[in-house]
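A short write-up of the structure that comes next.
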Amino acid sequence: MLDNDPEKKKLMRDVVIDQIYNAATTDRNIVFISADFGAQSLDKFRNELPDQFIHAGISEQNMVDLSSGLAISGKQVFLYAMAPFITARCYEQIKCSLSAMNLPVTLIGVGVGLGYDHSTLTHFTPEDIACMRALNGIEILSPSDQKSAEVIAANAVTNPAFRYLRLERNAHDQIYNDEFINCLDTGFYEISRGDRVAIVSYGALLHKVIEARDDLKKAGLEVGVIDLYRVKRINVHKLFEHLSSYKSLLTVEEHILDGGFGGAILEALADNGLQMKVRRLGLSDGFTVVNGDRDQLHKFYGVDTGDIISAVMELEKN
Amino acid sequence: MQINDLENKALWLRQELWKMVMRKGKGHIPSAFSCVEILIALYYGGFAKVFPGEPKHPDRDRIIVSKGHAAIAQYPILADYGFFDKSELTKYTEPGGLLGMYADFRIPGIEGISGSLGHGVGMGAGYALAAKSDQSFHKSFVIVGDGECYEGSIWESAMFAAHHNLKNLIVIVDCNELCILGKTDELLSLGDLKSKWMSFGWEVASVNGHSFEELLRAFSKVGSKSKKPLVIIANTIKGSGISFMEGKAEWHNKIPSPVELSQGNAELGIVEFE
């Protein structure tokens, strides 16, 4: 049984920063830079390793340019901010000062997708996968619980590379135990195997996908669920090996459909000459902004558990 | 080098750049000519540490030409220091050649990437901060354009460098008062750059950017007792050295006609080149 005691649920950001902190205590070349964004674990980092913490000010452009000079000088740099501000806000700097030189800097964005529900559009990232995945050489990782966040962070610390780590704002139920470590190479985890329909998702919506799977099971339908947490650098060969037994595929994302997660999978299918019926759930172009909590927003944008179930039923008919 | 030698070196750099650009019809002569003396003073005036044949020497000073249109002005100098073969200069912009219209990290002696404005000061601050934390004594020199100071990122970096007392960071503003469409003062005034940098917490020196005497005097302030980073506002003439280009915005990326080419050759004392 997984332990889902809310008291024990740590925020992803705390889990990730603790991993960086542990490494930084023995490696003084690790530098953590925040654009005025905090975390409980960061307070410890700042207090105990003040020489390895930099407050960049609310200046994301300088934060990224600065990190390039530090990285070329041999520092292992982690940049930390709310997700919209460490992606689109300083995209030019990421492109020219990091991507162009393929520097081993990790961008950590917190509150991806609709995580800052009541804060609405300026705090949403309905476009971050699309824009970040267009960057040359980047790896994009989107954990769905604290265990996957911990394993991904530990790996990022040990193997420096140009990465974007997408963290959820809130604590979510635990999905994984130690077994998650076994999927670091493949970049995805097969949570369950089904008959005709497979659902591929990531992050917060993976939890709704699992809920939908459980409901469908009660109705006698076994659906496959894959957590494609490595959104960029998809291991196409292995992924399609897992998908080959299914008749159709449903992708679920908290992102605009144009250039997003489902789009990436469609591209991979087309490039490999594979044919499969695919349906994508996500935000459609022209979406409007409304008030509501994250669950209400999921309903409004058509990506909630009920929408996932309906989409599977549709696919089952074929 | 004595001032006389530096002046000869400046003429040599203009000749090399002129030939390099005219051979291929690609590049921005006026932007590059505006900072020729600045670069020569830095590389040959005894202030920046350069190690011939060793572009990655750990103690080298980092020299970043952030105003990327002028980064080509480093190429002949870097070849002169033996960082790559001189034959690369004739292969400028050619497929298979090392040197492009904008400087690139792949080129030995180039410390960053340029072509998009407003990145160099932040990157230089990164180099300077790393040096400070590693107790390394090398410095970072960043050449920016005055037009580049329109970019907000410059000011984010300026604030950061002052807060961290990065006295090992030196910014030189190549202040030629022109951007692509005309005079900065008429299009969108940059105001008083000197007071702006000063109010951001920098030591400020203001010089004639074509006078070696003044540039060397300003560079001698580097490493003074002040904890602050230093900015040198170098007043320059865009296109300096080619009479018909001097101070004329329209020459930003224009390539001379055959008649103008001959005139340029004559003004630079170039007899003939292939």
Item to check | nm² value of the averaged projected area, convex hull over the Cα atoms of chain B | outcome: 13.5
Item to check | Amide H contacts of residue A:191 (H built 1.01 Å from N, under 5 Å, at least 5 apart or other chain) | outcome: A:225, A:226, A:227
Checklist outcome for this item: Here, trypsin sites (Lys or Arg not before Pro) of region A:1-102 satisfying both criteria (DSSP loop; at most 10 other Cβ within 10 Å) are none
Item to check | For region B:1-30 versus region A:292-318, the gap between their alpha-carbon centres in whole angstrom | outcome: 66
Checklist entry - Got a sec to turn the phi values of region B:177-184 into Karplus ³J(HN,Hα) couplings, 6.51 cos²θ - 1.76 cosθ + 1.60 with θ = phi - 60°, whole Hz, x for Gly and Pro? => result 6, 10, 10, 4, 8, x, 7, 4
Next on the checklist: Please report the antiparallel percentage of the DSSP beta bridges confined to the protein assembly as shown, to the nearest 5.
Outcome noted: 10
Checklist entry - For helix B:258-268, what angle does its Cα long axis make with the longest principal axis of chain B, in degrees from 0 to 90 and rounded to 10? => result 60
Checklist entry - So how far apart, in nm, are the two label points at residue B:87 and residue A:247 if each is 7 Å from Cα heading toward Cβ? => result 6.6
Item to check | residue A:266 paired with residue B:3, simple spin-label distance in nm, labels 7 Å along Cα-to-beta-carbon | outcome: 6.9
Checklist entry - Where in region B:90-197 are there chymotrypsin sites (Phe, Trp or Tyr not before Pro) that are in a DSSP coil and have at most 12 other Cβ atoms within 10 angstrom of their Cβ? => result B:137
Checklist outcome for this item: Checked region A:175-318 with the C-alpha gyration tensor, a ≥ b ≥ c its square-rooted eigenvalues, rounded below a/c of 1.5, otherwise prolate if a/b is larger than b/c and oblate if not; verdict rounded
Item to check | Centre separation in Å (Cα based) which lies between region B:103-142 and region A:57-101 | outcome: 14
Item to check | For region B:101-220, share of DSSP beta bridges that run antiparallel, in % to the nearest 5 | outcome: 25
Checklist entry - Taking every DSSP beta bridge that has both residues in chain A, what percent is antiparallel when rounded to the nearest 5? => result 10
Next on the checklist: Nothing charged except the Cβ atoms of Lys and Arg (+1) and of Asp and Glu (-1): what's the magnitude of the dipole of region A:187-317 about its Cα centre? Round to the nearest 20 debye.
Outcome noted: 320
Item to check | Centre separation in Å (Cα based) which lies between region A:218-279 and region B:245-274 | outcome: 59
Checklist outcome for this item: Once Lys and Arg are counted +1 and Asp and Glu -1 for all other residues with Cβ under 13 Å from that of residue B:78, the total becomes -3
Checklist entry - What percent of all Cα-Cα pairs in region B:144-274 falls in each 10 Å bin, counting up from 0? => result 12, 35, 29, 17, 7, 0
Checklist entry - Taking trypsin sites (Lys or Arg not before Pro) as exposed when DSSP calls them loop (any state but H, G, I, E, B) and at most 10 other Cβ atoms lie within 10 Å, what is the longest stretch of chain B free of them, the sites themselves excluded? => result B:57-224
Checklist entry - Which listed residue (A:87, A:103, A:140) has the Cα farthest towards the positive end of the charge dipole for chain A, taking +1 on Lys and Arg C-beta and -1 on Asp and Glu C-beta about the Cα centre? => result A:103
Next on the checklist: Could you give each residue of region B:227-239 its phi-based ³J(HN,Hα) in whole Hz, using Karplus coefficients 6.51, -1.76, 1.60 with θ = phi - 60°, and x for Gly or Pro?
Outcome noted: 7, 7, x, 10, 10, 10, 7, 9, 7, 10, 10, 5, x
Checklist entry - Add -39500 (n - 2.57) for each DSSP H run of 4 or more in chain A, then divide by its residues: what number comes out at 222 nm, to the nearest 500 deg cm²/dmol? => result -10500 deg cm²/dmol
Item to check | Shape of region A:103-174, Cα gyration tensor, a/c cut at 1.5 | outcome: oblate
Checklist entry - By its C-alpha gyration tensor, with a ≥ b ≥ c as the square roots of the eigenvalues, how is region A:6-167 shaped: rounded for a/c under 1.5, else prolate for a/b larger than b/c, else oblate? => result rounded
Checklist entry - Using a simple charge model, +1 on the beta-carbon of Lys and Arg, -1 on the beta-carbon of Asp and Glu, nothing else, what dipole does region A:6-167 show about its Cα centre, in debye to the nearest 20? => result 200
Checklist outcome for this item: Under the 7 Å Cα-to-Cβ spin-label approximation, residue B:273 and residue A:185 lie apart by a distance in nanometres of 5.6
Item to check | Zero-based 10 Å bins, Cα pair distances in region B:1-62, whole percents | outcome: 21, 40, 34, 5
Next on the checklist: Give me A:255, A:55, B:119 sorted ascending by neighbouring Cβ count inside 10 Å, so fewest comes first.
Outcome noted: A:55, A:255, B:119
Item to check | Positive-end residue, the protein assembly as shown charge dipole about Cα centroid, Cβ charges, pick of B:65, A:249, B:259 | outcome: B:259
Checklist entry - To the nearest 20 debye, what is the magnitude of the charge dipole of region B:3-268 about its Cα centre, counting +1 on the Cβ of each Lys and Arg and -1 on the Cβ of each Asp and Glu? => result 500
Checklist entry - Given a Förster distance of 41 angstrom, what is the FRET efficiency for residue B:263 paired with residue B:165, based on the Cβ-Cβ distance and rounded to 0.05? => result 0.25
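Bear in mind these aren't lab numbers, they're just calculated from the coordinates by the rules spelled out. Treat the numbers as computed from the prediction; the structure is a model and nothing was measured. Please note: Cβ atoms are built from the backbone with ideal geometry, for glycine as well, and neighbour counts cover all protein chains shown.
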